[in-house]
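Okay, so here's the structure we're looking at.
Just so you know, all these numbers are worked out from the coordinates, no wet-lab data involved. A quick note: this is a predicted structure, and the numbers were derived from the prediction, not measured. Every residue, glycine as well, gets a Cβ built from its backbone with ideal geometry; the counts of neighbours run over all protein chains shown.
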Amino acid sequence: MSLGPGTFIAAAWIAVVVVWLIGAFTTKATVRRQSAGSRLLEILPLAVAFVLLRSSPTLLEWTATRFVPATLGWQSLGAALTVAGIAVVIWSRFYLGSNWSGTVTVKQDHELIRSGPYSVVRHPIYSGGLLAILGTAIYVGEVRGLGALVLVLIAWKIKSLHEESFMESEFGEQYLRYRREVKGLVPFIW
């Protein structure tokens, strides 16, 4: 049995699911949570992105148009980017510790984490996730992968704006200073 690029991509995404499930039991109590409506605005594009990445196009056949050739080189690059992105995601999740939540929340005794990956970008889980999705899109090699990337970017930008609002109300000037000093998603750029 050979371990092709797809095996590494699948293992990386499975690792995220396992870490998220285990980590869900180690978080602090929630003090404040985003509304269901705002959560839905994030989940819908993520669900569509998941479908685009996981299934063959049937309704929109043009999304099967290749944007990179189906070669081992491109697939290996995609796998490498996916694994690198997932490594950032998991590192960031561990660094955030019990302050983490799958939804936008403020936790009891919430701490503003500014070290580790949070010293490079304010939302390193999203940054790593976007890199992983870009890698998976390159592995898939079809336009549908790029569509998924755009949808996830939109969903996580919406979510990050909610998080920014919650953190600003929780930490005030301390968070505003952090926002001035550290970019949101792409180090030194955005």
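Considering each of Ser56, Ser98 in turn, give the residue that is surrounded by 15 or more Cβ atoms within 10 Å (Cβ to Cβ) and either in a strand (DSSP E or B) or on the phi < 0 side of the Ramachandran plot (or both).
Numbers: Ser56 fails: surrounded by 15 or more Cβ atoms within 10 Å (Cβ to Cβ).
Exactly one residue qualifies, and that residue is Ser98.
Evaluating Pro45 against the criteria (1) of a type outside the set (A, V, I, L, M, F, W, C); (2) surrounded by fewer than 17 Cβ atoms within 10 Å (Cβ to Cβ); (3) assigned to a helix (DSSP H, G or I) leaves one unmet condition, (2).
To keep it simple, each residue is scored yes or no on (1) out of contact with any Cys (no Cβ under 8 Å at 6 or more places or on another chain); (2) over 27 Å from Leu112 (Cα atoms); (3) hydrophobic (A, V, I, L, M, F, W, C); (4) buried (at least 17 other Cβ atoms within 10 Å of the Cβ).
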site: Leu131; (1), (2), (3), (4): yes, no, yes, yes
site: Thr136; (1), (2), (3), (4): yes, yes, no, yes
site: Gly147; (1), (2), (3), (4): yes, yes, no, yes
site: Val150; (1), (2), (3), (4): yes, yes, yes, no
site: His162; (1), (2), (3), (4): yes, no, no, yes
site: Met167; (1), (2), (3), (4): yes, no, yes, yes
site: Tyr178; (1), (2), (3), (4): yes, no, no, yes
site: Lys183; (1), (2), (3), (4): yes, no, no, no
site: Phe188; (1), (2), (3), (4): yes, no, yes, no
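Screening Thr27, Thr63 for residues that are surrounded by 15 or more Cβ atoms within 10 Å (Cβ to Cβ), of a type in the set (Ser, Thr, Tyr), out of contact with any Pro (no Cβ under 9 Å at 6 or more places or on another chain) and in contact (Cβ under 8 Å) with a residue 40 or more places away in the chain leaves exactly one candidate, Thr27.
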